[in-house]
Amino acid sequence: MQFQIGLTDTPFSLEYTLDSGQAFRWERKGEWWYGVVSGGVLKFRQEGDVLYCETSDEKLDSSFVRRYLGLETDMRHVLSSVMKDSVMTRAFQKFYGMRIMSQERWECLASFVLATNSNIPRIKRMVSSLSERYGPPLEYEGTTHHLFPTPAVLADASVSELEECGLGYRAAFIKRVAASVEEGRIDFSEVAMLDYERAREALLSRLFGEKLLLGVGPKVADCVLLFSCGMYEAFPVDVWVARALLTYYPSLLERRLLEKLSSHKPRLSAGDYYSLSSAARSYFGPYAGYAQQYLFMLSRAEGLK
DNA sequence: TAGCAGGAAAATC
DNA sequence: GATTTTCCTGCT
């Protein structure tokens, strides 16, 4: 199936969106970006104000794509809310059109569990070898693609086999998290309906179960809420965003955090994470997550240390 | 709460 | 080619 989406009335950059470290299954081949999403292969090419789309699956239609790429978000609201200072102005000018996507929730959770202590190229490799090994194959244009594996399959995989996908110590985490999802301990659609604070609590443990979820801390929870549940006030803080806050927004930080972040090897405790994240959320407001993603990109582009 | 380990690849020197 | 860093969390 082929179709087009007009972008005349809304800022959008395919490249900045797919390559901003939110999603890990997109690859550029020549003019086209290829990805596997929700049971099908998707293919995108942007030419100015037109987004050309092709897909193996009828269900991945234009309304699906608009939702997936975050095109339904009214950027005028985002801009008027988040444009508070010259740093934001610079970041939005530089990466104009970058959108927060709305990804499949289980895949998003799994991807960010793998992301701990890692880097983007490696995360992509882990996700793709997991998919090749455990995901159902899908032929498209003469190439075999693989869907992202289901929780059931990963829960049944052995840790040593998972390790062979280059996961290292993350293998045990992903197995446990998959099992929790499979057992219904995390009900994503229920989480997505809660308000942000409750949703984070729920993801982080207590709601449906007794046991702590291995491998899901506040940062991973924030990524899942922002990138797959449409909670734009979530403000994940990773090393790059922490550096950006330290460099551009020192006045938002308590003295204690300033000192810690300036130290040689900053290690944030859970308490530190919450104070950082909530300081940023109250400064940037309901679309803080957008501010976060632009800061992430700016921080990397400017090579902050 | 602080301190540390974890595991492999990228980035950097 | 060696060292440092890497979209962090769990355990003690």
Checklist entry - When N is the residue count of chain A, what does its C-alpha Rg come to as a fraction of 2.2 N^0.38 Å? => result 0.99
Item to check | Which of A:ALA242, A:SER189, A:VAL153, positive extreme of dipole for the range A:152-271 (C-beta unit charges) | outcome: A:ALA242
Item to check | Relative compactness, the range A:173-246, computed as alpha-carbon Rg over 2.2 N^0.38 Å | outcome: 1.12
Checklist entry - When only alpha-carbon atoms count, how far does the range A:2-72 stretch along each of its three principal axes, as whole angstroms with the largest first? => result 30, 25, 22
Next on the checklist: Can you classify the range A:239-301 as rounded, prolate or oblate using the Cα gyration tensor, where a ≥ b ≥ c are the square roots of its eigenvalues, rounded means a/c under 1.5, and otherwise it's prolate if a/b beats b/c and oblate if not?
Outcome noted: oblate
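With +1 on each Lys and Arg Cβ and -1 on each Asp and Glu Cβ, and nothing else charged, work out how big the dipole of the range A:170-258 is about its Cα centre, in Debye to the nearest 20.
Computed charge dipole of the range A:170-258: roughly 460 debye.
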Checklist entry - Residues with amide H under 5 Å of A:HIS145's amide H, sequence separation 5 or more or different chain, H placed in the peptide plane at 1.01 Å from N; which? => result A:LEU138, A:GLU139, A:TYR140
Checklist entry - HN-Hα J couplings of the range A:189-204 from phi, Karplus 6.51/-1.76/1.60, θ = phi - 60°, integer Hz, Gly and Pro as x? => result 5, 6, 4, 5, 8, 6, 6, 3, 4, 5, 4, 5, 4, 4, 4, 6
Checklist entry - Among A:228-236, A:90-98, how do they line up from the highest to the lowest mean number of other beta-carbon atoms within 10 Å? => result A:228-236, A:90-98
Checklist entry - What is the set of long-range amide H partners of A:GLN103 at a cut-off below 5 Å, with H atoms built 1.01 Å from backbone N? => result A:SER228
Next on the checklist: Per residue of the range A:106-115, what does 6.51 cos²θ - 1.76 cosθ + 1.60 with θ = phi - 60° give for ³J(HN,Hα)? Whole Hz please, x for Gly and Pro, Karplus curve as stated.
Outcome noted: 5, 4, 5, 4, 4, 4, 7, 5, 6, 6
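Within the set A:LYS84/A:LYS305; A:LYS175/A:LYS265; A:LYS94/A:LYS260; A:LYS124/A:LYS175; A:LYS59/A:LYS219; A:LYS59/A:LYS175, which residue pairs have Cα atoms separated by over 22 Å?
Details: A:LYS84/A:LYS305 24 Å; A:LYS175/A:LYS265 30 Å; A:LYS94/A:LYS260 30 Å; A:LYS124/A:LYS175 18 Å; A:LYS59/A:LYS219 32 Å; A:LYS59/A:LYS175 29 Å.
Violating the 22 Å limit, Cα to Cα: A:LYS84/A:LYS305; A:LYS175/A:LYS265; A:LYS94/A:LYS260; A:LYS59/A:LYS219; A:LYS59/A:LYS175.
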Item to check | Helical contribution to [θ] at 222 nm, DSSP H n ≥ 4, -39,500 (n - 2.57), averaged over chain A, rounded to 500 | outcome: -14000 deg cm²/dmol
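Only the coordinates and a few stated rules stand behind these numbers; no lab work does. Just so you know, these numbers come straight off a predicted model, no measurement behind them. Virtual Cβ from ideal backbone geometry, glycine too; neighbours counted across all protein chains shown.
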